[in-house]
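Presented below is the structure to which this report refers.
The values are calculated or read from the model by the stated rules, or taken from the named source; none is laboratory data. Computed from a predicted structure; not experimentally measured. FYI the Cβ positions are ideal-geometry reconstructions off the backbone, even for glycines, and counts take in every protein chain you see. Ligands, DNA and RNA are excluded from the accessible area calculation, which covers all protein heavy atoms including side chains. Shrake-Rupley method; radii C 1.70, N 1.55, O 1.52, S 1.80 Å.
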Number of protein chains: 2
Amino acid sequence: MHDPLNAFALGGDVYLNGAETGPLAGLTFAAKDVFDVAGYVTGAGNPDWRRLAEPARHTAWAVSALLESGARLVGKTHTDELTRGIFGDNSHYGTPDNPRAPGHVPGGSSSGSAAAVAGGLCSMALGTDTAGSTRVPASFCGVFGLRPTLGVIPMDGVLSQSNTFDTVGLLADDPDILSRMGEALLRKKIKDVRPAQAVVLEDAMEASDPAVAAAIEAALPRIAEAVAPIVRGRKLSPVPLADWVEHQNAIQGREAWETFGEWINNSNPRFGFEVADNFLRGSKVSQRTLSAARGFRLRAKRWVQEALEGNAVLVLPTTPVTAPPVHSPRSVMWEIRHRIVSLTTIAGMAGCPQISLPLCKAGGLPVGLSLIGPRGSDALLLAAAKRIGKA
Amino acid sequence: MHDPLNAFALGGDVYLNGAETGPLAGLTFAAKDVFDVAGYVTGAGNPDWRRLAEPARHTAWAVSALLESGARLVGKTHTDELTRGIFGDNSHYGTPDNPRAPGHVPGGSSSGSAAAVAGGLCSMALGTDTAGSTRVPASFCGVFGLRPTLGVIPMDGVLSQSNTFDTVGLLADDPDILSRMGEALLRKKIKDVRPAQAVVLEDAMEASDPAVAAAIEAALPRIAEAVAPIVRGRKLSPVPLADWVEHQNAIQGREAWETFGEWINNSNPRFGFEVADNFLRGSKVSQRTLSAARGFRLRAKRWVQEALEGNAVLVLPTTPVTAPPVHSPRSVMWEIRHRIVSLTTIAGMAGCPQISLPLCKAGGLPVGLSLIGPRGSDALLLAAAKRIGKA
């Protein structure tokens, strides 16, 4: 395939025609290289995973659903190793270019999918989202991204990391296409329904860079006009959002170790240093820490539910920062990651859907405005994206 | 070069003729790929180190000394990544074959040097030794290996890991050649001097596999005949040797992080998972733990000095086990590593020289018998090796 952005994975030359007719006929899509395609190895961003894996026997449910709706698969895209990362900087395969922020990371772990969509290499793309892996690259690359309600899109045939957080993710550069993609994957019509209010999460605004908060601020009138009246002054969390991160990391890290630890022990694979560090942190999460984190998650779910009362959606920056430059030191990226997860953990902890809209720029770089809705409100968020449109 | 053992490093095609005449004329040597050779990149067993390094401007002192003595350099050999490992299983470049224990690891980190010597690809080889990196592959590959007194052979032009432990290491399949190599590097004649007694370290024997201890036991008459009367019943350490390991790891790990941490932070390099784990452990050593370890080292030095009183050398298995099979799980290797370091840490903590002699086999696999002498007794140990000869 033509790949000027290093968006497509090693062995990602995977082409499949879709059904001859269907609602997505004429559209193309790419799939993050964690989606199985029968007959091909799922590389998952790690050369030792690729080396040791057998070709997939079945095609992932989501890939099949898009093919059956008439879309054409044009390749498999780069991911952070085993989906562990939110910057898209893969130590083995390099960092896909961010077409809308050259010299800056595309965001990950669905890095290649977002870059391919932003660069016009396909109409839409499949990603996954555990702690922001679809929303972050959508924000950094200036495209639409949906993290659906936990569990509504089958994960069959997708390499899972952390099964209480993992979702399929949807990426497109056009809200109509995202919505049509959503219809195929959610198996329902997107009706033009609207929430009663749009509640700005002030604690999320405060946690963001001033330029990011200002850019979101400037976009609020469009939300008010297209979606619902804006409600100000509400805080989501009785504790700092930064405190959520340790609980997110504990649950996710421990689950990721349960998923991959035995394979790691048996094969001593190569990893970028940061990825190894993530796995090791997860391996060391104690039962006590895990229990505390699960207790916190129950409280966090309640806080999100309360904020959503009155048929509301929540408004917040997708990421509190724009994309950092490629090859930033690990210690710098660590701080930024912590800040990003303090916002992306909200929907993850609550199991709620979140959509990132490419409405804003800060310092000339894209940054997403996000709407979080109640569980099951995926269609509502897709309808809102259609109403609002692009920047 | 002809490399049937995967002993030579990527970019290891480095040939230099030695002086036309000299005591090593007619002999060939290889150098672990942590020794600089002017004009060539020192790869150090890690592809990102190799990628980011400039060609060396000067040739390492030890390489020059061998060249000046007439030996010919025939290549640079594989190492564990940045010398961090004692098995020789490099996740990027594979594991050199152990010609005397096929299917078993060669030992590391001077893995390629020991394999090349054991396989007859060169007369002798340069390694380094921090916590066993020359002695362990000598033991596993059934060749002679010398860890010299700390500081007696200049480390100029050698990639250092942990400067209070690092030494150049000498490997050869013939005790005469090892001795001549020692003369060139120690810049002194090896005279036929002998210690007054050979003290068996009973705690080291007890820490070893029964088959290893039995093999050492069977070799003691040769030591008595060639070197000095055997003294039995002496324990080296008032605490279990296993307790030494945590202190070794604390000092070595912290020093290694001080050496490489900034580079790791800036470049997020690829590492085998186990190597990343080692670095991370080192990065987390607290000042309190480090101070305690340094205090322990002072006591350990004293215990070794006391054991060496009366013009003694100490006798112990080089490794408490034979070489484990390649591709053993990481958790298994971890246990074995801990046991190995409980013996190799003795000379390292004390700064004393240790020579491993290929006198023994256990279960059909090589295992070294070691002599530790007082600091500065390198020539004495080399003379003992000549007297004892090979198995």
Label points for B:GLY39 built 7 Å along Cα→Cβ; distances to same position in the other copies, nm, shortest first, come to 5.2
For B:LYS390, counting only lysines whose alpha-carbon sits under 27 Å away and dropping same-chain residues fewer than eight positions off, the answer is B:LYS32, B:LYS76, B:LYS188, B:LYS189, B:LYS191, B:LYS361
Counting every C-alpha pair in segment A:86-208, the percent lying more than 20 Å apart is 47 percent
Taking segment B:180-280, the whole-percent share of alpha-carbon pairs separated by over 23 angstrom is 59 percent
Carbon/sulfur accessible area of chain B, % of total, 1.4 Å probe, equals 51 percent
Over segment B:1-80, the quotient of the Cα radius of gyration and 2.2 N^0.38 Å is 1.08
So, relative contact order of chain B in percent, Cα under 8 Å, 6 or more apart, is 19 percent
A correct Kirkwood calculation over the Cα atoms of the protein assembly as shown returns a hydrodynamic radius in Å of 28.3 Å
Taking 0.36 nm per residue of separation between B:SER291 and B:LYS390 and subtracting their Cα-Cα distance, the length gained on full extension comes to 31.4 nm
Applying the span-like rule to chain B (DSSP H, Cα extent along axis at least 27 Å, Kyte-Doolittle mean at least -1.0) gives B:241-267, B:287-307, B:330-350
The computed P(r) of segment A:261-309 puts the percent of Cα pairs beyond 17 Å at 56 percent
The set of residues whose placed amide H lies less than 5 Å from the amide H of A:LEU369, leaving out same-chain residues fewer than 5 positions away, is A:THR318, A:LEU357, A:LEU359, A:CYS360
Computed for segment A:1-82: size of charge dipole around the Cα centre, +1 on C-beta of each Lys and Arg, -1 on C-beta of each Asp and Glu, debye to nearest 20, value 80 debye
Of all DSSP beta bridges having both residues in chain A, the percent classed as antiparallel (nearest 5) is 65 percent
Measuring from its Cα centre, the protein assembly as shown shows a charge dipole (+1 at each Lys and Arg Cβ, -1 at each Asp and Glu Cβ) which, in debye to the nearest 20, is 1200 debye
Distance in nm between B:GLU262 and B:VAL231 label points, each 7 Å along Cα→Cβ, equals 4.7 nm
Among B:GLY373, B:GLY120, B:GLY182, the residue with the largest mean-square fluctuation in a Gaussian network model of chain B built from Cα contacts under 10 Å is B:GLY120
Looking only at lysines whose Cα falls under 22 Å of B:LYS235's and that sit 8 or more positions away or on another chain, we get B:LYS301
With label points set 7 Å from each Cα along the Cα-to-Cβ direction at B:ASP13 and B:VAL239, the distance between them in nm comes to 5.1 nm
Distances in nm between the label point of B:LYS235 (7 Å along Cα→Cβ) and its equivalents in the other copies, shortest first, are 6.0
The Kirkwood hydrodynamic radius of chain B, taken as the inverse of the mean 1/r over all distinct Cα pairs, in Å, comes to 20.2 Å
Taking the axis of the rotation relating chain A to chain B, the A residue whose Cβ comes closest, together with that distance in whole Å, is A:ALA276, 2
Computed over segment A:52-96, the convex hull of the Cα set has an average projected area, in nm², of 4.5 nm²
Per residue, the convex hull enclosing the alpha carbons of segment A:59-126 has a volume in Å³ of 85 Å³
When chain A is treated as a Gaussian network with springs between alpha carbons less than 10 Å apart, the largest mean-square fluctuation among A:ARG135, A:ARG84, A:ARG270 is found at A:ARG270
Residue-normalised 222 nm signal for chain A, counting each DSSP H run of n ≥ 4 as -39,500 (n - 2.57), nearest 500 deg cm²/dmol, is -12500 deg cm²/dmol
With label points set 7 Å from each Cα along the Cα-to-Cβ direction at A:MET1 and B:ARG57, the distance between them in nm comes to 4.7 nm
For segment A:7-391, the dipole about the Cα centre with charges only on Cβ (Lys and Arg +1, Asp and Glu -1), to the nearest 20 debye, works out at 660 debye
Rounded to the nearest 5, the percent of DSSP beta bridges in the protein assembly as shown running antiparallel is 70 percent
Percent relative contact order for segment B:346-391, counting Cα pairs under 8 Å at least six residues apart, stands at 38 percent
Inter-copy distances for A:GLN305, label 7 Å out on the Cα-Cβ vector, sorted ascending, nm, one decimal, are 7.0
Cα extents of segment A:222-371 along the principal axes, largest first, in whole Å, come to 56, 38, 22
